[in-house]
1. Tell me, 118, 186 in order of fewest to most beta-carbon neighbours within 10 Å?
2. 5 Å is the cut-off here: which amide hydrogens, built 1.01 Å from N in the peptide plane, fall below it relative to residue 56, excluding neighbours closer than 5 in sequence?
3. For the chain, taking Cα atoms only, what is the radius of gyration to one decimal and the Dmax to the nearest whole Å?
4. Within 10 Å of each residue's Cβ, count the other Cβ atoms and sort 38, 244, 5 from fewest upward.
5. Under a straight-distance cross-link criterion of Cα-Cα below 26 Å, which lysines are reachable from residue 183, leaving out those fewer than 8 residues away in the same chain?
6. Taking the convex hull of the alpha carbon atoms in region 64-135, what volume per residue do you get, in Å³?
7. Out of region 39-105, which GluC sites (Glu not before Pro) are coil in DSSP terms and have no more than 11 other C-beta atoms within 10 Å?
8. Would you tally the net charge around residue 38, using a Cβ to Cβ cut-off of less than 12 Å, leaving residue 38 out, and scoring K and R as +1, D and E as -1?
Amino acid sequence: MDVTYEVLAIRYAHLDRTARFNFVGGDEHDGPMPLDYYVWAIVGRERTVIVDTGFDHDVAQRRGRQIIRPVAEGLKAVGIDPDQVEHIVISHMHYDHSGNHDLFPRARYHVQDAELGWCTGRDMANPEVGGIFEAESVSAMVQKVFAGRVQFHDGDAELAPGISLHKVGGHTRGMQVVRVATKRGWVVLGSDTAHFYANLEPGRPFPIMDSLPLYVEAQRTALKLASSPQHFIPGHDPLVLARYPGTRAGLEGVARVDLVPRG
């Protein structure tokens, strides 16, 4: 790999809950199993790409989530100015991945055709489906389309040398993962193809999905794209911060997933 990147997991929010909510069919032990919410920064010599944009305080309050550090503050803490970000990948349009839509005034957004078509279509009239989206975030993305700030993709695409997008579906209609060249190999930012490492175990999918067969196949595809299972990064697991080194002493809630995990 001629071009390699640092990849940062930046936690911005948290939700305390138990395991029964995190697996189809629940969990008979039902111990504590909280979710962390991340945005991801891919940092190279020539470019910085942000993956997903999180949600703000208003959404957190309405949905009962706890903001740990607003997305803007988390990015600035690692030296990234949101005003200067030029490329953002939206893995999917759920509320926790596509908010803060005024935070990146210069950015071009990379979205799958199928995702934006789905979240502006008839299925959103079903509260069980549409309730996981924020209408304001969806309409803001539509406005960006008319402003010429959305790059649509239909399947796999190279965003830049060493960074590629891969449509996998399953969790949502146009779910995409991001494959990144790093010094330790190909890291795959899996987003919600698996919320937790435990969702990769057979028979333990996360209960929110568009299609169970496609969800299972999406995980297989994502794992094949990674250099090893240890190069796959789930979307909401607190273990990401526990397993990977931080960026510098004293800065909590940020991990370098391009580095070798501890242990």
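Nothing in this text is a laboratory measurement; each read-out follows from the coordinates by a stated rule. This one's a predicted model, so the numbers in the text were calculated from it and none came from an experiment. Neighbour counts run over all protein chains shown; Cβ positions are idealised from the backbone, glycine included.
1. Working: 118 21, 186 17.
Arranged by neighbour count, lowest to highest, 118, 186 become 186, 118.
2. Answer set, sorted by chain and number: 100.
3. Calculated on Cα positions, Rg and Dmax stand at 16.9, 50 Å.
4. Numbers: 38 32, 244 21, 5 25.
Neighbour counts put them in this order, fewest first: 244, 5, 38.
5. 76, 167, 224
6. Details: hull volume 7.0 nm³, N = 72.
It is 97 Å³ per residue.
7. On the way: sites: 46, 73, 86; in loops: 46, 86.
Within region 39-105, the qualifying GluC sites (Glu not before Pro) (loop, at most 11 other Cβ atoms within 10 Å) are 46.
8. On the way: positive: 11, 69; negative: 36, 52, 96, 192, 237.
My count for the surroundings of residue 38 gives -3.
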